[in-house]
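Q: Have a look at this one before I ask anything.
The values are calculated or read from the model by the stated rules, or taken from the named source; none is laboratory data. Just so it is clear, the structure is predicted and the values come from calculations on it, not from any experiment. Backbone-built Cβ (ideal geometry, glycine too); neighbour counts: all protein chains shown.
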Amino acid sequence: MLQSASPRREGGPHESEDGTYASEELLLRETVRRFMTNDVRPAEEGLPHDAYKLPKEQLDRLQKKARELGLWNVQSPEEHGGAGLSLVGQVIVAEEAAKCRMGAYIPACGAFGFDPPSVIFRGSQAQIEKYARPAIERGEKAFFAISEPSGGSDPARAIRTTARREGDEYVLNGTKFWITAANESTWGIVFARVGAEKSREGITCFIVDMNRPGVSHTVIPVIRSYAPFELHFENYRIPVENRIGEEGQGFQLVNDLLVHGRVPYAAGTIGVAQAALELAIDWAKQRQTFGALLADRQAIQWMLADSEIELRAARLLVLDAARRADAGQDIKMESSVAKVFATETAGRVVDRCIQILGGMGVAQEMPLERWYREMRIKRIGEGPSEVQRLVVARNLLGSRTR
Ligand SMILES: Cc1cc2nc3c(=O)[nH]c(=O)nc-3n(C[C@H](O)[C@H](O)[C@H](O)COP(=O)(O)OP(=O)(O)OC[C@H]3O[C@@H](n4cnc5c(N)ncnc54)[C@H](O)[C@@H]3O)c2cc1C
């Protein structure tokens, strides 16, 4: 059902029921919504405010149900154990799965598993069998390490980590920075420079096993509780068979994947903001000040209305990017437009909702202050807003921008 989510908009079996989604897309949305309401959100009750993991037995129970629903590793291909959803399917799931306290960083509290970095599927059959399949099957995480202390916005120039060929191995030396889940992963993807010292030339993609000597990690405490890590490689030896693609092909392999990945990333922020808006609406309908409900004040109504308008626009931009990608179009520009607009909108909406709740907005009793902190990162991760605007400007101006 899911892979066939059709980009067609005119009539027939996929006719849109609400002007935005086809009927089978609405069914997918409804399935995830029901699962979030009946299973995921209740499982979070009683956990600490900043928790980013469910107790194991709870997670096992939810993951079993998600597998039965066909929602297991929704971004990974079906032939390798994932659900293989279209990009439209992925954004529908991403939006709904972010409507929990753990929000967009741990969608559905991990119930849908943890898709491995998609570049692994550009690897050989042997690499997929050895690394991707078991991770998907067991629900394990794998990290993706491109950023370094020298920068993440422009990794082609910033990467300093080197991989020196020695016989049937490469010797890896350097530091990766901000790496999410580096502590929980048994393997991950690392980009390093082989030979060439400048720009993209020489940047090569490797699979790194965390159980070999020469790798260590240190936590980087940040604004969210789910902290990323610094990864150190000192004479870490990688067998040649763990190289993905050829030497120097790293960026070529990963570029379109990064572009596509921004679309569900953006959708997750819409889900969080929509959940915040629903909380603020409920609050405004029962909270009185100066003898009247907040809901009756125009100042509050406008905050709610602006949030609804901006979220609808963000959702349409995200869907547009996803539909174009599913139709085989290049979405470099569309994914940047969607990423900037959705992440900036989500930050604004959560901020307004905090204002409507007053003190309760920043209390840890409610999820809003956690979402506020997490949405702040979304304008930086996966390429900061400025870099996305640069991509848009390049498309508009061609070679006039550097
Ligand atoms: C919590 C968290 C988790 C992360 N997880 C991962 C991960 O798992 N794997 C991974 O590889 N990376 C990860 N990152 C790194 C993230 O992708 C980078 O932080 C991001 O790409 C920006 O890189 P930087 O922080 O080095 O900022 P820099 O590249 O130093 O840029 C700093 C700022 O300068 C501005 N800027 C940059 N270029 C331009 C320009 N051309 N014009 C105008 N302004 C510009 C932007 O505002 C930018 O925020 C994570 C980051 C965080 C905070």
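Q: Tell me which of these V240 doesn't satisfy, since it passes every other one: (1) closer than 25 Å to F206 by Cα; (2) buried (at least 18 other Cβ atoms within 10 Å of the Cβ); (3) at pLDDT 95 or above; (4) not polar (S, T, N, Q).
A: So V240 meets the others, but not (2).
Q: Shifting gears a bit: Give the residues of region 149-174 that are assigned to a loop (DSSP other than H, G, I, E, B), within 7 Å of the ligand (Cβ to nearest atom) and either of a type in the set (G, A, S) or under 15 Å from P239 (Cα atoms) (or both), sorted by residue number.
A: G152, S153
Q: Hey, another quick one. Looking at region 95-105, can you tell me whether even one residue there is over 17 Å from Y52 (Cβ atoms) and either in a helix (DSSP H, G or I) or in the same structural domain as S185 (by TED's automatic domain parsing) (or both)?
A: yes
Q: From the list R262, R224, which residue is under 28 Å from G89 (Cα atoms), outside the structural domain of C353 (by TED's automatic domain parsing) and at pLDDT 95 or above?
A: Answer to the check: R224.
Results for (1) at pLDDT 95 or above; (2) farther than 20 Å from V263 by Cβ; (3) more than 18 Å from the chain's Cα centre (by Cα); (4) of a type in the set (K, R), shown as yes or no for each residue.
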{"site": "V318", "(1), (2), (3), (4)": "yes, no, no, no"}
{"site": "S335", "(1), (2), (3), (4)": "yes, no, no, no"}
{"site": "G361", "(1), (2), (3), (4)": "yes, yes, yes, no"}
{"site": "Y372", "(1), (2), (3), (4)": "yes, yes, no, no"}
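Q: Any idea which residue in region 175-233 is nearest to the ligand (Cβ to nearest atom), counting only those that are part of a strand (DSSP E or B) and among the aromatic types (F, W, Y)?
A: By that ranking, first place goes to W178.
Q: If I filter region 181-200 for residues that are without any contact (Cβ under 8 Å) to a residue 24 or more places away in the chain and surrounded by fewer than 21 Cβ atoms within 10 Å (Cβ to Cβ), do I get at least one hit?
A: Yes: region 181-200 contains one or more residues that are without any contact (Cβ under 8 Å) to a residue 24 or more places away in the chain and surrounded by fewer than 21 Cβ atoms within 10 Å (Cβ to Cβ).
Q: Testing V254 on (1) modelled with pLDDT of 95 or more; (2) crowded, with 22+ Cβ neighbours inside 10 Å; (3) under 30 Å from V74 (Cβ atoms); (4) not acidic (D, E), one condition comes back false. Which one is that?
A: The one condition V254 does not meet is (1).
Q: Right, here's the next one. Look through region 119-148, keep the residues that are surrounded by 18 or more Cβ atoms within 10 Å (Cβ to Cβ), in a loop (DSSP other than H, G, I, E, B) and of a type outside the set (S, T, Y), and return whichever of them is nearest to the ligand (Cβ to nearest atom).
A: I146
Q: Now a separate question. Find all pairs meeting these conditions: Cβ atoms under 8 angstrom apart; at least six residues apart or on different chains; first residue within region 59-85 and acidic (D, E) and surrounded by fewer than 24 Cβ atoms within 10 Å (Cβ to Cβ); second residue at pLDDT 95 or above and not in a helix (DSSP H, G or I).
A: E78/G84
Condition check ((1) aliphatic (A, V, I, L, M); (2) assigned to a helix (DSSP H, G or I); (3) on the phi > 0 side of the Ramachandran plot) across all residues:
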| site | (1), (2), (3) |
| --- | --- |
| G248 | no, no, yes |
| Q252 | no, yes, no |
| P264 | no, yes, no |
| A267 | yes, yes, no |
| V272 | yes, yes, no |
| L279 | yes, yes, no |
| K285 | no, yes, no |
